[in-house]
Amino acid sequence: MDLRLQGAVLAGRAASALSRRLGRGGGTVIGGHVVTRLAPRALAELSRALPRGVVLVSGTNGKTTTSRLLAHLLAGQGVALVHNRAGANLLPGIVSALAQNTDWRGRPRAALGLFEVDEATLPHALGPAAPRAVVLTNLFRDQLDRYGEVHFVAELWRRALAALPAPSALVLNADDPLVANLAAAHRGPVVYYGVEAPEPGGPVLPHAADARLCPSCGAPLAYRLVYYGHLGHYSCPACRFQRPAPTVAAVAPLRLEPTRTLLTLQVPGGQLALALPLPGLYNVYNALAAAAAALALDVPPPAIARALGSFRAAFGRLERVAVGDRAVSLALIKNPVGCTEVLRTLAADAAPKTLLIAINDLFADGTDVSWLWDVDFELLAEQIATAVCSGTRAEDMALRLKYALVAPNRLVVEPDVERALARGLALTPPGGVLHVLPTYTALLAVRAALHRRGAVGAFWEN
Amino acid sequence: MAEPTAAAYTLTLAHLYPELMSTYGDRGNLLALQRRAAWRGIVLRIEPIGLGVPLDPDRYDLYFFGGGQDREQAVVADDLQRKGPALRAAAAGGAVMLAICGGYQLLGHEFRTGEGAALPGVGVLDVRTVAGARRHIGNVIVRCELDGAVRTLVGFENHSGQTYLGPGARPLGRVEVGAGNNGADGTEGAVCGDVYGCYLHGSLLPKNPWFADHLLRRALVRRYGVAVPFPPLDDSLEERAHQAVLARVRTVGRAAVGVR
């Protein structure tokens, strides 16, 4: 490592440590800003120093859980990792994690870098990081005010993949036509994953689907089976584009339970049954993505199945914490498809529920809350005992529930997140669960409020 | 809030291209119309009209046309030409139409792309749209005069097309906050008879219930004459949401402005 980079790394780490000491949060981002400012090529140089290279995970939904599953799989193999676990997934967050990982002589402590990357940041990270594997989960409409349309992001990715070194593996979701279509952008090996079990699928595309047109020729796609959003078994009647056969698949039997999933994993060489300790079909996709990536990194299949069975949920992804004699279940919501799948998972248990839904409209949340009207809150409407609506857009949320036919006397509007949490806990019967569904910045506020109640550790320690 | 079992009055709405033109929560507009009708004992039937589906102009009281992504919009523009005569007949016959964003642009005469190509529209709104270099993104407050009353509409715009009104259209309102039709003349939306177009997502109608009721009333008058009972609803939550947006936008501004 050259002296300039070494100095930059030390300065960055000092900034992170200072930020943490001042109680300004985990210091996960500030250090990266300092390093990049002092050494603009830091990402490339720090990545190159890692003996087992870098893996990038990107996509609209499932980045954090997929990369945490993969981290768990690799840790089980004794691979020392540097990982942006807290989800700081823009360039400064990644550089900061790399700087933290460097010892005083400028050498990396870890062997492999595992980074989740924001969709719009991926094109900027791909060249410098020269990853040995890239995992792409899905593309759904998300924060249209910030990213624009899904086809726009797909096109950015297609161009960016030209920088992926030829021997590197590209891990793609076979069931998402926008993602599967990216295989042509890479000269090297492609590993597809997907769901083969027919039971969770349906014949009709839901209203919030984004990819009704063939990404290759523009004709309407024909779906034999739809799992959720535009994920399913599709083919184009006009050109030859069709769903590729997955190398790693969830085959029948597949059983979705309220708190876990019984999964049959098909990998080259056989099938493995396991209990994934995460609920929801979207977590099946996350597990498949992690398994496919692990396979591309030469982890043996039995070890993959074992590790998936012993995973713990990530920050704010259906994580459950105890608060006195009640429990709080946290599930980040940020776009129509992801939120609808969280609701579907909650609705699988038909018991009456107390909810806290906190909708902020700050930049990191997306400033346009129109998406709330594309979410199927109707799935849960009859199970809502009380919903406390909070955040800067508390009233929008309450109105959405009124039009999902939740009686107004079951709705509480409390814009302040901390007060809303207290209200929600008071409305939850002892021994019961408060289901908290916050947008990103509201999740941070909820975590901080829970922390003040002594309920959880700060998330960067998680 | 129970749905009525036997309805004295029924309206039928054509939802144009629901699969391709429903990107920004515009479905909330249909929910608002349907619920607000039901709460008054009126049934609103919604029928999807997609690609290649013929359109019977005598069948529908209301039409809704949402916003879409560019790719989808080009496919729709092509199909729409075959529905043009039916839509023009419906508009001439006084059917009530609401079009948002991409749908608004396509109800006009044409959309001229950045490459100079012209996508023809239906021409039931006397407006023309040209692609702009800058994207207008953010919260919007519109002052609006309809039926002699001045009221506000709140919503969220996200468009790069710039729409200009011809002499046959009047603006739906004037922007207090936001870019509006073209970022230059201070107008937002267009009205020709009972055809309404605008750039307001949000969704538009739930937070602006007076406008939803205006559309329903116009459709009822056309179908049944003036005698249909149309009692007021308890709109305290709607009003609270409307006021919250006004307050938030007037204090913190419209947030994301032309970021792309």
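Bear in mind that the values in this text are calculations on the coordinates, not laboratory data. Everything quoted here is computed from the prediction, not taken from an experiment. All Cβ positions, glycine included, derive from the backbone under ideal geometry; neighbour counts span all protein chains shown.
Some notes on this structure:
- Part-to-part distance (alpha-carbon centres) for the range A:180-203 and the range A:363-399, which is given in Å: 32 Å
- Estimated inter-spin distance, A:Ala348 and B:Asp70, nm [label 7 Å along Cα→Cβ]: 4.0 nm
- C-alpha center-to-center spacing [the range A:420-441, the range B:132-192] in angstrom: 40 Å
- Relative to the current alpha-carbon distance between A:Arg105 and A:Ala364, full extension at 0.36 nm per residue lengthens the span by 89.6 nm.
- By DSSP, the beta bridges lying fully in the range B:6-257 are antiparallel in about 55 percent of cases.
- If R0 equals 35 Å, the separation of the Cβ atoms of B:Ala227 and A:Asp416 corresponds to a calculated FRET efficiency of about 0.15.
- Cβ-Cβ FRET estimate between A:Ala80 and A:Ala185, R0 fixed at 25 Å, reported to 0.05: 0.20
- Cys with no candidate disulfide partner in chain A (beta-carbon separation under 4.7 Å rule): A:Cys339, A:Cys389
- Given their separation in residues at 0.36 nm each and the Cα-Cα distance between them, A:Ala17 and A:Glu199 gain 60.5 nm when the chain is fully extended.
- Net charge over other residues, Cβ less than 10 angstrom from the Cβ of A:Ala39 (K, R count +1; D, E count -1): +1
- Taking other C-beta atoms within 10 Å as the exposure proxy, A:Glu418, B:Glu145, B:Glu115 rank B:Glu115, B:Glu145, A:Glu418 from fewest upward.
- Packing-based exposure ordering (other Cβ within 10 Å, fewest first) of A:Thr386, B:Thr113, B:Thr129: B:Thr113, A:Thr386, B:Thr129
- Listed values for the range A:63-68 are Karplus-derived 3J(HN,Hα) couplings in whole Hz (6.51 cos²θ - 1.76 cosθ + 1.60, θ = phi - 60°), namely 4, 5, 5, 4, 6, 5, and x replaces Gly and Pro.
- Over all pairs of different C-alpha atoms in chain A, the reciprocal of the mean inverse distance, the Kirkwood hydrodynamic radius, equals 22.7 Å.
- Computed label-point distance, nm, for sites A:Arg37 and A:Ala426 using a 7 Å Cα→Cβ extension: 4.5 nm
- Averaged over A:357-370, number of beta-carbon atoms from partner chains that fall within 10 Å: 4
- The range B:6-257 - Rg over Rh from alpha carbon coordinates, Kirkwood radius: 0.94
- Distance from the Cα centroid of the range A:41-97 to that of the range B:58-89 is 46 Å (rounded to whole angstrom).
- Mean residue ellipticity at 222 nm, helices only, the protein assembly as shown: -10000 deg cm²/dmol; runs of at least 4 DSSP H residues each add -39,500 (n - 2.57), and the sum is divided by the number of residues.
- Per residue of peptide A:398-407, the mean number of Cβ atoms on other chains within 10 Å of the residue Cβ is 5.
- Cβ-Cβ distance of A:Arg224 and A:Ala49, R₀ of 45 Å, FRET efficiency by 1/(1 + (r/R0)^6): the value works out to about 0.45.
- Length gained when the stretch B:Asp79-B:Ile46 is fully extended (0.36 nm per residue, less Cα-Cα span): 9.8 nm
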